[in-house]
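The values are calculated or read from the model by the stated rules, or taken from the named source; none is laboratory data. The shown structure was predicted, so the numbers you read here are calculated from the model rather than taken from an experiment. A quick note on method: Cβ atoms are made from the backbone with ideal geometry, for glycine too, and the neighbour counts reach across all protein chains shown. The area values use the complete protein model at the heavy-atom level, side chains included, leaving out ligands, DNA and RNA. Shrake-Rupley method; radii C 1.70, N 1.55, O 1.52, S 1.80 Å.
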Amino acid sequence: MKTFIGSRIDDFLSDLETLVNIDSSSDNIAGIAAVAEWLRWRLEAIGFSTRLEKLGDRGVPCLQASNRSTEQPFDIMFLGHMDTVFPTGEVEKRPFAADGDRATGPGVCDMKGGLLVALHVLEVLHHDGELNRLSIGVCFNGDEEVGSGSSRSWIEAHARNSRRVFVFEPCRPGNRFVLQRKGGGGYTITARGTAAHAGVEPEKGANAAVEIAHQTLATQQFNDQAGEGTSAHVTVIRSGEKTNIIPDTARASVDVRVAVKSQVATVKAFFQSLPDHTHIAGVSLSVSGGVDRPPMEADDRTLALWRLIKAQASNLGLKIESISTGGCSDGNYTSAQGAPTIDGMGPVGANAHRQDEYVEVGSIAPQIQLIASVCRAIAQEKA
């Protein structure tokens, strides 16, 4: 296996160049479809049946593939996304490049490198004649970077039909995999008062901006008291159009993160209570939003899966670690469906969403080898 994987690194980098050099921002349906068709061709070549679906009002391309009937539970679901945050035209500005141990380009680690680790693991298992011992489902969506609004239910349905899920977001520097992610969402607090001339008759106004200032402080106080793992931060405030008018409307946007499901109710109760606690006479409040992405929690089955991965890493002489993070991924959705989920299964990389995003080339072969070994171990457990 080592020889086969090692001989494929040049092929991997060639594949990575191909995918990175396809603009596939979340609004570029044609680019996402092009990535999907390329992956579809490779998966069909090793015996997978594929289905390219167009989900939601925009027809977001989402690729599903399997080597077994989808009526039976998958032993493993391979999950990834084909869209990037970078606008169309970014590839022309800075196409794929490999310099020493780093590969760069739009989406190289987030997450076209991860898509290819998933693909190459499957090709290794096929080459070794071991793919037929497992039932594997592949789900690659096209709207993760904008919240997976069109693909969420599709992902959740496949997660419910899977015994475990591997998410191919980048592995963090130092070979750190992700076992826990905070859930997330947002609220909008809107204050409505009465406009008035700020110089002539300010007493006739009810200042919505001042009310939002009070609510900002209340939110910060909640953030300080909510407990470890929960945060609520006012991030954007908008109010008024002219400096000589008392503003009658003001809005605050709040970013919310929760570490465990039990905290969601606490957050919801706080924001629902705000309209009952105004500070400026004549100003009313309304609140909208919520926690729309559940936390990814490491339950006992997830920890058992992590122990299996660590054991295989030890057998290969690899040192790996696990972390929790405040960022979200589609692994939040699969974990909430009860499927043990391990994230960070892509190559080691960093600086996602930035122009200096990179993949560590030296991490590619060990990651493919490790995940293939884990898949073999899972197959052996079934025997």
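Hey, E92 hits all of (1) surrounded by 14 or more Cβ atoms within 10 Å (Cβ to Cβ); (2) part of a helix (DSSP H, G or I) but one; which does it fall short on?
E92 satisfies every listed condition except (1).
Do you know which residues across the range 370-383 are in contact (Cβ under 8 Å) with a residue 12 or more places away in the chain and either out of contact with any strand residue (DSSP E or B) (no Cβ under 8 Å at 6 or more places or on another chain) or farther than 20 Å from I9 by Cβ (or both)?
Result: L370, A372, S373, V374, R376, A377, I378, A379, K382, A383.
Based on what the data block shows, is L115 crowded, with 24+ Cβ neighbours inside 10 Å, modelled with pLDDT of 95 or more, part of a helix (DSSP H, G or I) and of a type in the set (A, V, I, L, M)?
Here the answer is yes, as L115 does meet what is asked.
Which condition breaks for A250 when tested against (1) modelled with pLDDT of 95 or more; (2) open to solvent by less than 40 Å² (accessible area, probe 1.4 Å); (3) more than 18 Å from Q337 (Cβ to Cβ); (4) part of a helix (DSSP H, G or I)?
Unmet for A250, out of (1) modelled with pLDDT of 95 or more; (2) open to solvent by less than 40 Å² (accessible area, probe 1.4 Å); (3) more than 18 Å from Q337 (Cβ to Cβ); (4) part of a helix (DSSP H, G or I): (4).
Within the range 18-29, how many residues are assigned to a helix (DSSP H, G or I), out of contact with any strand residue (DSSP E or B) (no Cβ under 9 Å at 6 or more places or on another chain) and either hydrophobic (A, V, I, L, M, F, W, C) or modelled with pLDDT under 95 (or both)?
1
Got a number for residues in the range 273-297 being open to solvent by 30 Å² or more (accessible area, probe 1.4 Å) and outside any helix (DSSP H, G or I)?
Residues meeting the conditions: 14.
Right, V236: touching a strand residue (DSSP E or B) at 6+ places or on another chain (Cβ under 6 Å), closer than 30 Å to E53 by Cβ and not in a loop (DSSP other than H, G, I, E, B) or not?
No.
Checking G147 against (1) farther than 28 Å from S14 by Cβ; (2) at pLDDT 95 or above; (3) surrounded by fewer than 18 Cβ atoms within 10 Å (Cβ to Cβ); (4) not acidic (D, E), only one condition comes out false. Which one?
(2)
Quick check on the range 310-369: of everything there that is charged (D, E, K, R) and in contact (Cβ under 8 Å) with a residue 60 or more places away in the chain, which residue is nearest to D11 (Cα to Cα)?
E360
Could you figure out which of (1) open to solvent by less than 60 Å² (accessible area, probe 1.4 Å); (2) in a loop (DSSP other than H, G, I, E, B) isn't true of E241?
(1)
Which count do you get for residues in the range 50-78 that are in a strand (DSSP E or B) and closer than 17 Å to A33 by Cα?
Matching residues across the range 50-78 total 12.
Restricting to the range 334-362, give me the number of residues that are farther than 24 Å from F86 by Cα and either open to solvent by 30 Å² or more (accessible area, probe 1.4 Å) or part of a helix (DSSP H, G or I) (or both).
Residues flagged as farther than 24 Å from F86 by Cα and either open to solvent by 30 Å² or more (accessible area, probe 1.4 Å) or part of a helix (DSSP H, G or I) (or both) within the range 334-362 amount to 6.
Give the range 30-48 a look and list any residue that's open to solvent by 40 Å² or more (accessible area, probe 1.4 Å) and either part of a loop (DSSP other than H, G, I, E, B) or small (G, A, S) (or both), or say none.
A30, A34, A45, G47
Under 8 Å between Cβ atoms, which residue pairs at least 6 apart in sequence (or on different chains) link something in the range 147-175 that is within 13 Å of P347 (Cα to Cα) with a partner that is open to solvent by 40 Å² or more (accessible area, probe 1.4 Å) and hydroxyl-bearing (S, T, Y)?
none
Among the numbered conditions (1) open to solvent by less than 10 Å² (accessible area, probe 1.4 Å); (2) assigned to a helix (DSSP H, G or I); (3) of a type outside the set (S, T, N, Q), tell me where F222 comes up short.
Among (1) open to solvent by less than 10 Å² (accessible area, probe 1.4 Å); (2) assigned to a helix (DSSP H, G or I); (3) of a type outside the set (S, T, N, Q), the lone unmet condition for F222 is (1).
Can V267 be described as crowded, with 17+ Cβ neighbours inside 10 Å, out of contact with any helix residue (DSSP H, G or I) (no Cβ under 6 Å at 6 or more places or on another chain) and more than 30 Å from K204 (Cα to Cα)?
So V267 passes the test.
Tell me the residue from D23, D15, D75 that is acidic (D, E) and open to solvent by 30 Å² or more (accessible area, probe 1.4 Å), please.
On inspection, the qualifying residue turns out to be D23.
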